[in-house]
Structure formats: structure tokens, C-alpha cells
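Below is one structure; the comments refer to it alone.
The values are calculated or read from the model by the stated rules, or taken from the named source; none is laboratory data. The structure presented is a predicted model; accordingly, all values stated were derived computationally and were not measured. Cβ atoms come from the backbone with ideal geometry, glycine included; neighbour counts cover every protein chain shown.
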Amino acid sequence: MAGLKNADHYAQGEKFSPGLLKWVLLMGGAGAAVLFFIIASASGEQFRGAMAYSWLFALIYFLSLTVGGIFWTLLHHASNSGWGIVIRRLMENLGSVVIVIFVLALPLLAPGFRDALWEWFPERAKIKAEAVEHAEHELAARRAQLTENLKAAETSLLAMEKENAAALAKATEGEKVYLNAELAAAKGRLETAKAALGSDEEIKEQLKYEHFKHSNVLLYKKKGYLNEAFWHFRFFFYGAALFGIIYFLRHWSIKSDETGDPKFFRRMRRAACGFLPLFATAWTFLVFDWLMALDYAWFSTMWGVYLFAGAALNSMAFLIILVTLLRRAGYLKEVITMEHYHLMGKLLLAFTIFWAYIAFSQFFLIWYANITEETKFYLTRNTDFWNPYSIAFLVIGHFFVPFTILLIQGFKKKPTVICAIAGWTLLMHFFDVYWIIIPERGPSLTHGESLIIPGAVWTDLLAWISVAGLFGFGLMHFLGKGSLYPCRDPRLDESLNVVN
Amino acid sequence: MSTTTASTKQIFGIVAEFDSASDLYHAAEKVRDAGFKRWDVHTPFPIHGMDHAMGLKKSWLSGVVLCGGVTGFTTALILQFFTQVNLYPTIVQGKPTNLNTVPAFFPVTFELTILFSAFATLFGLLIFVLLPRWNHPLFESALFKKFSDDGFLLVIESKDPKFREDKTTEFLESIGAKAIERVDA
């Protein structure tokens, strides 16, 4: 048919040169980050704690965009899609920036930041110290009690042996069985009492556990998961898993640019199916550890999906804007058509609905069931100024506005309109992530005295600008390497000529 | 090339068969440019871009679906607010009976919106394509049976204002039809 594009004409690919922009972003981001950490080190303990929340907020905002990039790459391979081959390299590049975000997440390991964010760290440390003291203090008394138990068991056994010896002599067969069993039970009690006595170390260990359980039963029950060693292991596991996934997929994808060997294409597809469970596990538990554990007593099983929905939606919004900016700068002009815009717009609409569905389900179940340990999260966010905030930004801004506009087909084919909506969605994501993290800050740091920490909103913005700059630098770095689209992919033809 | 002999019955239209999807695509462009309105193509599989080649406008069905959805949405809200808040205020789980209870009504609202949209889609579509009906004149055509196998067919109906049996047949031959059949009404 006439007007069809031949993939052979596009096999040389397109190189992107970020030029000065890359370094401007690096300088801006690094400058803001340096300023941020200078302020943090100069502030008092409470304000430094508040700034830990600022940093986490900025990290999660950009981490969710990169994780969305990884997700779209994985989904594209796993579902064997053809439409988005020309956009896939942008997804891969966006996903690769996850490494930059993980490097920036290292300050979260510093005790000043870590303990302010996740109260279970200081709480556990406090209980442990108390438990040691408690064990020392109680050791003598417990030993005395255990010794007494042992003595009592010994005495009762002796008495029974004496009594039974006389009785056994004239007992019938049936009575003998009964008496012997009684004797055996008394011997058993003695053995138990002996074992319970144990060494000093064993008694102390037991006392510590008892103290832990009585001081904070929730932390005690969660100790298998919420403990320092496992948490630190997971911290690095998330980084390795997420970056590892996208590193291999991008590596093979760029390799196939040189030779066009279909073996890479098949390998990426197979690997993506295996990577998907790893990706889902890493992201779900990352948000459990970093966000849900901001209040370790609270839990929601929708949490992982909720954060995932926001990540997938907003990285698609980001991709739409990225494509438009690249086209405006003169790249990808022939490769990406309005059909691709329409397809991405449809995904944006689908994930707007998906996000709302998940967000509402989470709220609805907790609101209706009204169980004390679950309602805490929404109690903070549905009272005082957070209530109008939730309704304006999440209900109306995040759902109704983009949903209504994206329903209209023509809008999804107009880059200016779809970019405006994508920009709006990214702004609402800002408010969504803010709403997830920041309401926890005031009550946590002031022990319920105040909802907000005055002045901390400025450090929130400063943190966002720092991470934004360094995120942009990372993105420019990855965009500048290799072609802007997989130029020798076996199905480039299909993507170039896609019609929907 | 074969044309059927003149029939005494009224004519429904003319079926023309083309060699390939590509030929049919170009033929459709020419039929569109010739100004025909009441015509259609039948193929074993969907052909990308055929809408454009045929000059089809965007379907009105999405508008009908939107009306269905809005009706469902308002019906559900009115039904629940009227019965549960106005007529017989019902307190469930200690939830208020005023505007703040609206989250409790969302699941039903959501479902009714979807139900009404689905009904609007189905019945709207049936009305647009004039279904159900007992039979269709095209089923009498021998050529038409090939559309589900390997036939790329183009049908021009006699109701088209530009339709003249002889001239239209000639026109179809001129744009590359390899077989043409007259179909009785």
C-alpha cells in the first residue's frame, strides 16, 4: 500500500546529543542537593528529621517514574507488543535512571535520616537496651524462682517414691501400672524444671524476649521482617533487582541495534517473563519498607498495587512529554506518528481509571470496615486541611479531570492537548506522593503535637528540585547513548506503520 | 470476467471481487472518490486503514455509549440518595446519611454506569446496523460466500443515488474487479 514506511530506511537509527543541557541539569541538581544537605547538617534534630521526609518524597516521586519505565519495557516484551517498538528505547532509558535514584537513596541509611522516617528503628533499639537492663535486673529473682521450682519437683518426687514403694508391694497388676505412670510423670516434671534452669545466658535471653513481647507486641510479632539486618539486605536487594532487570534488557536491546540478530529479540522476550515476578516483588516490598513502614503499626494489602498504579500511569505521562520534547528538538519526527500518541493516550486513560479504582478500593474497604488499626492512615488524611486537599487533588484532580478529558478521542491525537493532560497528571502525582508521605511527618516528629513542621515545605521543594536535576542528568546520559529507537528490531516495520 | 444475465427481479446491488487486500484498498479509495455513499467492503480479516480508504467518518456509537453511561451514573446516585437518605434514612456501619456517605454508593454507581454503557453499546449497535433481521439479499450471492475464506469483496447497493447498473458495473471493472455479480433484492 502506498505511504507505508520501510524499516530498512530507518535502520541507521537516530543519535541524540544532549549537549549542554546534560551538564546544566547536573550542576543544578547537584548544587541544590549540596545546599539541601548543608541545611540538613546545620539544622536541629527535629528539622533534620523533617528534611528526611522531604528527601524520601523527592526520591519516591522520581523512583516511581523510573520504575514505571521498567514496567512498560517488561510489559512490552512479555505481551509481545509491536506498536511501541519505536518508543521502547525511551522506556528502557527512563527505567535505567533507577540507578541514579538508588545512589541518591543512600542518605536514607544514615541514622539521622533513617530513625526519623521509620520509628521502628529507634523503638527497637530502645526496647533492646531496656531488655538487656531488664534481664540483668531480673536474673537473680528468676534464678531463685527456677531453683525453687526445681527443689519442689525434687521433694515431691522423693515423697512419691517413698509412698509408692509401700503401695507397690501389695498392689494388683492394674494398680501397678497406674502407680508407675504417676512416678514417671513426676520424674518428667523434674527433668523439665532442670532444663528450665539452664545457664545465665539462657535465662537472660528468655527474659529479653519476654520484655520485648510485653513492651511492643506488634514489633515483637513482626521481628522476623522488621529487623535491622534483613531491612538493610532488602535495601540493596531492591536496587540490584530493579537495576539488574533494566540493565540486561537495555543491554540486549542496544546489542541488537548493531547486528539486528533476532536472538536478542527472543532472549528479551523470554527474560521479561521471568523478570516480571522479580520486578513485582521488589517494587511491592520496597514501598512496604519505605512508605507503609512510616507507621509500622499500619498496613494495607492494596499498598503495593496503589503505588504501582501511580508509577505506571505517570511514567506513561512522562514518556508522552519526553516524546513531544524530542520531536520539538527535531528527533523522531518521522518515526513517531499521531497513532503512537493515540495509543499512549489510551494507556494514559486506562491507567488513570486503574489508579482511581485501586485508590478508591483501598479507601473504601478501610472506611467501611472501620477497624481501629487500619483507619489511622485515613484519619490523618481526612481531617483538618488534609481533607480538602484529598478531595481537590486526588478525587477531582487526579481522577475526574484527566478521565473526562481523555475520554474524547480527538484529544488523544493532539500532542498539545495530550501533553497538557500528561503534565497535569504529573503535577497530581506530585500531590499524591506528597499526600502519602508528608501527613506522617508532623505527628511523628512532634509526637502528635502538630500536623506540620513549619518551613519544611520549602525543603520539600528543594529536595524535589535536587532529585529532578539529577534524574534529568541521568536520563540525558542514557538517551545520549545508542539510537533513540531500536533501529534493527525485527518488528520495527510494524511499529512504524501502526494504525489503530 | 463474468456478469450475470439480466433478471426480472429488482436489484439489491453489485458484488465485485478483488485479487488482494491491497487491490481492494485502492479500489475502495476510488469508489470513495467517485462519490458513492451506500457501499461496503467484506474481507476475511480486518484491513488497517480501510476506514480511511472508504472515507468513513467516526462512528456515533461512542456518543450513544456516553449517554448510556451518564444515565446509569445519575440513575444510581438518584436511586440511592432518594431511598437511603431522603425517603428512609438508613444508618449502616455508623455512616452518616448525608452527602458524606457518597463513597458507600460508589460501587453501585460504578456498576450501573457500566451496565447502562454496555446496554447502550449493544442496543445502539443493533439499531445502527439494522439488526436483527431474518435474511439479507447478499446471502443469495455465490461470490459473497468467499468473504469468510479468501474473497476481498466490494458491494455497491442500488439505493446509492449514483448507482446505475450498467455504468457501475463498468466502473468496477475499470478499477480492477476480477469478478462481478448482480445480486437480487
Q | Answer from A:G469, A:G448 - the residue that is closer than 22 Å to A:I99 by Cβ and either small (G, A, S) or at pLDDT below 95 (or both) | A | A:G469
**Q.** Where A:H398 falls short, out of the listed (1) crowded, with 16+ Cβ neighbours inside 10 Å; (2) within 20 Å of A:T375 (Cα to Cα)
**A.** (2)
Q. Under the condition of being within 14 Å of chain B (Cβ to nearest Cβ) and among the β-branched types (V, I, T), which residue from the range A:367-390 is surrounded by the most Cβ atoms within 10 Å (Cβ to Cβ)?
A. A:T375
**Q.** Cβ-Cβ under 7 Å pairs, at least 6 apart or on other chains, the range B:149-160 side in the same structural domain as B:F18 (by TED's automatic domain parsing) and over 11 Å from B:I180 (Cβ atoms), far side part of a loop (DSSP other than H, G, I, E, B) and of a type in the set (G, A, S)
**A.** B:F152/B:S20
Q.
I need a count of the residues in the range A:399-443 that are closer than 23 Å to A:V323 by Cβ and of a type in the set (F, W, Y).
A. 4
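Which count do you get for residues in the range A:281-328 that are outside any helix (DSSP H, G or I) and in contact with a Lys or Arg (Cβ under 8 Å, 6 or more places away or on another chain)? Give the steps one after another, and end with the answer.
We begin by selecting, within the range A:281-328, every residue outside any helix (DSSP H, G or I); these are A:291, A:296-302.
With the extra rule that they be in contact with a Lys or Arg (Cβ under 8 Å, 6 or more places away or on another chain), the set shrinks to A:296-298.
So the count comes out to 3.
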Q) Restricted to the range B:94-151, and to residues that are in a loop (DSSP other than H, G, I, E, B), of a type in the set (G, A, S) and surrounded by fewer than 14 Cβ atoms within 10 Å (Cβ to Cβ), which residue is farthest from the other protein chains (Cβ to nearest Cβ)? A) B:A142
Q | Test set (1) surrounded by 19 or more Cβ atoms within 10 Å (Cβ to Cβ); (2) modelled with pLDDT of 95 or more; (3) aromatic (F, W, Y) - A:F354 fails condition number | A | (1)
Q.
Condition (residue is part of a helix (DSSP H, G or I), closer than 22 Å to A:P454 by Cα, aromatic (F, W, Y) and more than 16 Å from the chain's Cα centre (by Cα)) applied to the range A:98-113: is it met by at least one residue?
A. yes
Q | helices (runs of 4 or more DSSP H) wholly inside the range B:1-93 containing at least 3 residues that are within 14 Å of chain A (Cβ to nearest Cβ) and closer than 18 Å to B:F144 by Cβ | A | B:21-33
Q: Could you tell me whether A:F363 is within 12 Å of chain B (Cβ to nearest Cβ) and more than 30 Å from A:S495 (Cα to Cα)?
A: yes
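Would you check if there is a residue in the range A:142-158 being under 30 Å from A:D295 (Cα atoms), basic (K, R), modelled with pLDDT of 85 or more and under 54 Å from the mean Cα position of the chain (by Cα)? Spell out how you get there, then give the answer.
We begin by selecting, within the range A:142-158, every residue under 30 Å from A:D295 (Cα atoms); these are none.
Looking through the range A:142-158, none of the residues is under 30 Å from A:D295 (Cα atoms), basic (K, R), modelled with pLDDT of 85 or more and under 54 Å from the mean Cα position of the chain (by Cα).
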Q. Pick from the range A:253-288 the residues that are among the hydroxyl-bearing types (S, T, Y) and crowded, with 17+ Cβ neighbours inside 10 Å: which of them is nearest to A:N80 (Cα to Cα)?
A. A:S253
Q | Residue that is surrounded by the fewest Cβ atoms within 10 Å (Cβ to Cβ), among those in the range A:449-473 that are assigned to a loop (DSSP other than H, G, I, E, B), on the phi < 0 side of the Ramachandran plot and touching a residue at least 40 places away in the same chain (Cβ under 8 Å) | A | A:L451
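Only one of these is over 30 Å from A:L117 (Cβ atoms), away from chain B (no Cβ under 14 Å) and in contact (Cβ under 8 Å) with a residue 60 or more places away in the chain: A:G345, A:G330. Name it. Spell out the reasoning first.
Working: A:G330 fails: in contact (Cβ under 8 Å) with a residue 60 or more places away in the chain.
Selected residue: A:G345, the only one of A:G345, A:G330 that is over 30 Å from A:L117 (Cβ atoms), away from chain B (no Cβ under 14 Å) and in contact (Cβ under 8 Å) with a residue 60 or more places away in the chain.
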Q. Of all helices (runs of 4 or more DSSP H) completely enclosed by the range A:1-96, which ones contain at least 2 residues that are surrounded by fewer than 18 Cβ atoms within 10 Å (Cβ to Cβ) and either aromatic (F, W, Y) or touching a Pro at 6+ places or on another chain (Cβ under 7 Å) (or both)?
A. A:20-42
Q: With the condition kept exactly as written, say whether any residue in the range B:58-75 is surrounded by 12 or more Cβ atoms within 10 Å (Cβ to Cβ) and basic (K, R).
A: no
Q | Qualifying positions in the range A:97-112 - of a type outside the set (G, A, S) and surrounded by 20 or more Cβ atoms within 10 Å (Cβ to Cβ) | A | A:V97, A:V98, A:V100, A:I101, A:L104
Q: With the condition kept exactly as written, say whether any residue in the range A:408-425 is touching a Leu at 6+ places or on another chain (Cβ under 9 Å), within 14 Å of chain B (Cβ to nearest Cβ) and of a type outside the set (G, A, S).
A: yes
Q | Matching residues in the range B:32-52 - criterion: being closer than 17 Å to B:E17 by Cβ and of a type outside the set (V, I, T) | A | B:W39, B:D40, B:H42, B:P44, B:F45, B:M50
Q. Any residue in the range A:474-482 that is away from chain B (no Cβ under 14 Å), surrounded by fewer than 22 Cβ atoms within 10 Å (Cβ to Cβ), free of Cβ contacts under 8 Å to residues at least 24 places away in the same chain and outside any helix (DSSP H, G or I)?
A. no
